[in-house]
Amino acid sequence: MYLAPRGTIDILPEDQPYWLHVYDQIRRVTQLYDYQRIDIPAFEETGLYVRGVGEGTDIVDKEMYSFVDKGGRDITLRPEFTAGIMRSYIQNGMRTRPQPVKVYTTGPIFRYERVQAGRYRQHTQFDIECIGSSDPAVDLEVMSVAWQLFSELGFEGLSFQLNSTGCPDCRPGYIRKLVAYYEAHRGEVCEDCRRRLERNPLRLLDCKVESCQPIIAGAPQILDDLCSECAEHFGSLHGYLDGLGRAYAINHRLVRGLDYYTKTVFEVWAQGIGAQNAVCGGGRYDGLAQELEGEPTPGIGFGSGLERIVMLMKQQGVPVPGVPGPQVVLAYHGQPAKIRCLGLLTELREQGVRATMGFDDRSLKAQLRNANRLGATYALVLGDQELAADRIMLQDMVGDAPRETIELVRVLDELRTRLGVEAACNASA
Ligand SMILES: [Zn+2]
Ligand SMILES: [Zn+2]
């Protein structure tokens, strides 16, 4: 027996109402903010991610699904969306469109991660990117998309976690301070942190190891070292957030350890969802376009893992609209009745009635049991005798009305009336 690969899951039909609801809300909220959908390939040249996500990140160092294809090309399954979307922006000359270009997407991303609840090696991400503006009001707008989406998905006690990651002018000075501080504490930090100290010092602030926490708490903070431009950007964003009355907290540990990440970094946290509070994370990447050999172009975005969002919605008992089952199930006995039922089924569907029928010539009893399990409102039963009399039996599966026999020619009108289905307009009419 084959099993799904470790770190992957099937999203079964009974879970789909959550997914459809999440996708519906994503489409609705992104439309409110004037974001348009974009779709990009599920794999790209490996170099795009090495440059666009960066060496020194866990993604590039440990987590990519990379391979050489049959043409000898280095290929990687996308581990995130931002680099691919920026590649698309550059390749398709989107600079000439009205700026900023505001796009969103959803789809699978692939990371070889340690498997845990809500975290998979293939997972579905919702991602938005706003490219072509450096206005801090755009940061606010991107953050607001997340806020509105997650509050409409039923998450409570939302707050922003906010920091600045500086820029190539001011960050190096801060990193020197941070490194000097950690050099003085080298003996007290974990193995990983000693490695980060060499490779990607900003990531030191990410360490989850208990014994490193006091060191992090005492570390210098980047906000003290921002250049005037970065400080002004951060100050404006605060002002905008205050103006909207949005809850936010400065989180000094929130950083992105690469040169092309700049200024704003943020997460949205929700209450009551345990240790990992974040429902999404993102930030500004004003240096990314140049890193990918495009014209200097600012941008900001965020991503959110939807398997985890759905898991949290279930845990919190968030109600979602059900996906409707069939309104009518047809049961038949005998081949002539089966043929008539196949025709009737087509007519019902053309009239906008959700309908299905029993197959495999099973007993009427088995077919009706199945109709019940499917949650049908009505069952239609057609046997040889009814067919000979041009009639059909109609059974109410919800109420306790007795079974009726009605004329076959009337059955479509009758069901439409009872189900309140509007007569379908002919496409040509
Ligand atoms: Zn700066
Ligand atoms: Zn550590």
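The values are calculated or read from the model by the stated rules, or taken from the named source; none is laboratory data. None of the values given here were measured: they were computed from a predicted structure. Note that each Cβ is placed from the backbone with ideal geometry, even for glycine, and that neighbours are counted across all protein chains shown.
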Residues (out of contact with any Phe, Trp or Tyr (no Cβ under 9 Å at 6 or more places or on another chain), surrounded by 14 or more Cβ atoms within 10 Å (Cβ to Cβ) and of a type in the set (S, T, N, Q)) located in the stretch 373-401: 377
Residue tally, condition surrounded by fewer than 17 Cβ atoms within 10 Å (Cβ to Cβ), part of a loop (DSSP other than H, G, I, E, B) and under 18 Å from the mean Cα position of the chain (by Cα), over the stretch 266-293: 2
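Kindly indicate whether residue 220 is part of a helix (DSSP H, G or I), free of Cβ contacts under 8 Å to residues at least 60 places away in the same chain and outside the structural domain of residue 233 (by TED's automatic domain parsing).
Spelling it out, it is not the case that residue 220 is part of a helix (DSSP H, G or I), free of Cβ contacts under 8 Å to residues at least 60 places away in the same chain and outside the structural domain of residue 233 (by TED's automatic domain parsing).
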Checklist (1) in contact (Cβ under 8 Å) with a residue 24 or more places away in the chain; (2) farther than 15 Å from residue 129 by Cβ; (3) part of a loop (DSSP other than H, G, I, E, B) applied to residue 296, failing item: (1)
All positions within the stretch 30-44 that are over 18 Å from residue 124 (Cα atoms) and either surrounded by 14 or more Cβ atoms within 10 Å (Cβ to Cβ) or free of Cβ contacts under 8 Å to residues at least 24 places away in the same chain (or both): 31, 33, 35
Verdict on residue 155 being out of contact with any Asp or Glu (no Cβ under 7 Å at 6 or more places or on another chain), at pLDDT below 95, away from ligand 2 (no atom under 16 Å from the Cβ) and of a type in the set (Phe, Trp, Tyr): yes
Scope the stretch 215-260; condition within 16 Å of ligand 2 (Cβ to nearest atom), within 29 Å of the chain's Cα centre (by Cα) and of a type in the set (Val, Ile, Thr); matching residues: 255
Number of the exception - residue 120 against (1) farther than 22 Å from residue 29 by Cβ; (2) surrounded by fewer than 20 Cβ atoms within 10 Å (Cβ to Cβ); (3) in contact (Cβ under 8 Å) with a residue 60 or more places away in the chain: (2)
In the stretch 139-166, the residues that are over 16 Å from residue 31 (Cα atoms), among the hydrophobic types (A, V, I, L, M, F, W, C) and out of contact with any His (no Cβ under 9 Å at 6 or more places or on another chain): 140, 155, 158, 160
Condition met for residue 17 (surrounded by 14 or more Cβ atoms within 10 Å (Cβ to Cβ) and farther than 20 Å from residue 291 by Cα): yes
Near pairs, Cβ below 7 angstrom, 6+ apart or cross-chain, from the stretch 392-418 (under 17 Å from residue 353 (Cβ atoms)) to any residue that is in a loop (DSSP other than H, G, I, E, B) and among the polar types (S, T, N, Q): 397/377; 398/377; 412/351; 416/351
Only listed residue being of a type in the set (A, V, I, L, M, F, W, C), under 23 Å from residue 120 (Cβ atoms) and not in a helix (DSSP H, G or I), chosen from 26, 9: 9
Condition met for residue 209 (modelled with pLDDT of 95 or more, more than 16 Å from ligand 1 (Cβ to nearest atom) and among the aliphatic types (A, V, I, L, M)): no
Only listed residue being assigned to a helix (DSSP H, G or I), farther than 27 Å from residue 159 by Cβ, within 16 Å of ligand 2 (Cβ to nearest atom) and more than 30 Å from the chain's Cα centre (by Cα), chosen from 193, 212: 193
Condition broken by residue 105, with the remaining ones in (1) assigned to a loop (DSSP other than H, G, I, E, B); (2) surrounded by 13 or more Cβ atoms within 10 Å (Cβ to Cβ) satisfied: (1)
